[in-house]
Every structure is written in C-alpha cells, then in structure tokens.
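The structure appears below as structure tokens.
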Amino acid sequence: MQDDKIKDLLSGTKMKAGENLKYRIMQQIETEKALVPKRSVSSRPVIKNMLTVFGVMYALIAIVGLAVYSTSGQSGLSSATFLVPVILISSVCSMFWMISLYDDRRRNKHRAK
C-alpha cells in the first residue's frame with residue numbers, strides 16, 4: 001500500500017528527454033559506427049582454395065593415369081612414364097597453392113592497415 005503511494009509520488013517527478021536530445025544521441029551513435037573501421041572478410045576461404053587446387057591436381061593425375069594405362073597397361077603405371085608427370089603435376093599444384101595462400105594473407109594484411 002505504501003509502496004504504491006511512493007510510486008505515485010515519484011512518477012510525477014520523472015523528467016522525460018526531449019526529441020532534440022534523442023536525435024543528438026542517435027546521431028552520435030551513428031557517427032561512431034561510421035568512424036569505426038570495418039573488418040574485411042577474406043575473399044576466398046583457405047579450404048575452398050585448397051579444394052579447388054588439389055581437385056584440379058587429382059583430375060590431371062587421373063587423366064595422365066588413364067592415358068598411360070590405355071597405352072601401356074598395368075605395368076605403365078609403375079614406370080617413369082607415369083611417375084615423372086605425376087611428380088611434376090603435384091609439385092606445380094602445390095607451389096601454386098602455397099603462392100595463392102601467401103598472396104591471400106598479404107592482401108588481408110594490406111586491407112587491415
């Protein structure tokens with residue numbers, strides 16, 4: 001009962017903020033949001049890049065394997081005719097993947113500055 005009377009007395013003394021004050025506060029919040037630098041999102045995720053490069057690598061190895069198998073048979077898959085191109089393909093694709101990783105990291109660092 002007494003709490004209700006106190007609440008009634010205090011409710012009349014509350015000050016309400018004017019529209020101008022609300023506008024200025026919202027303007028300040030929007031200005032601060034605009035001035036904060038936005039985080040840059042990586043253009044391509046690392047896993048997507050890896051799957052693309054190594055997917056192409058394995059497709060090329062499969063094509064070379066089918067070509068060697070159709071010409072030389074089973075024994076051709078263990079010969080240098082097959083192994084040298086596979087080593088070259090895998091090393092070129094691995095180097096391309098490492099260069100693209102380095103380039104993505106360099107770009108992200110450059111954007112962050």
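List of remarks:
- When Ala17 is tested against (1) among the small types (Gly, Ala, Ser); (2) closer than 30 Å to Arg106 by Cα; (3) at pLDDT below 65, just one condition goes unmet, and that condition is (2).
- Residue within the stretch 28-38 that is of a type in the set (Gly, Ala, Ser) and either outside any helix (DSSP H, G or I) or at pLDDT 85 or above (or both) present: no
- Candidate set from the stretch 62-101 (those that are aromatic (Phe, Trp, Tyr) and touching a residue at least 40 places away in the same chain (Cβ under 8 Å)); member that is most open to solvent (accessible area, probe 1.4 Å): Phe96
The values are calculated or read from the model by the stated rules, or taken from the named source; none is laboratory data. If you're wondering where the values come from, they're calculated on a predicted model, not measured in any experiment. All Cβ positions, glycine included, derive from the backbone under ideal geometry; neighbour counts span all protein chains shown. These accessible areas exclude ligands, DNA and RNA; they are computed on the full protein's heavy atoms, side chains included. Shrake-Rupley method; radii C 1.70, N 1.55, O 1.52, S 1.80 Å.
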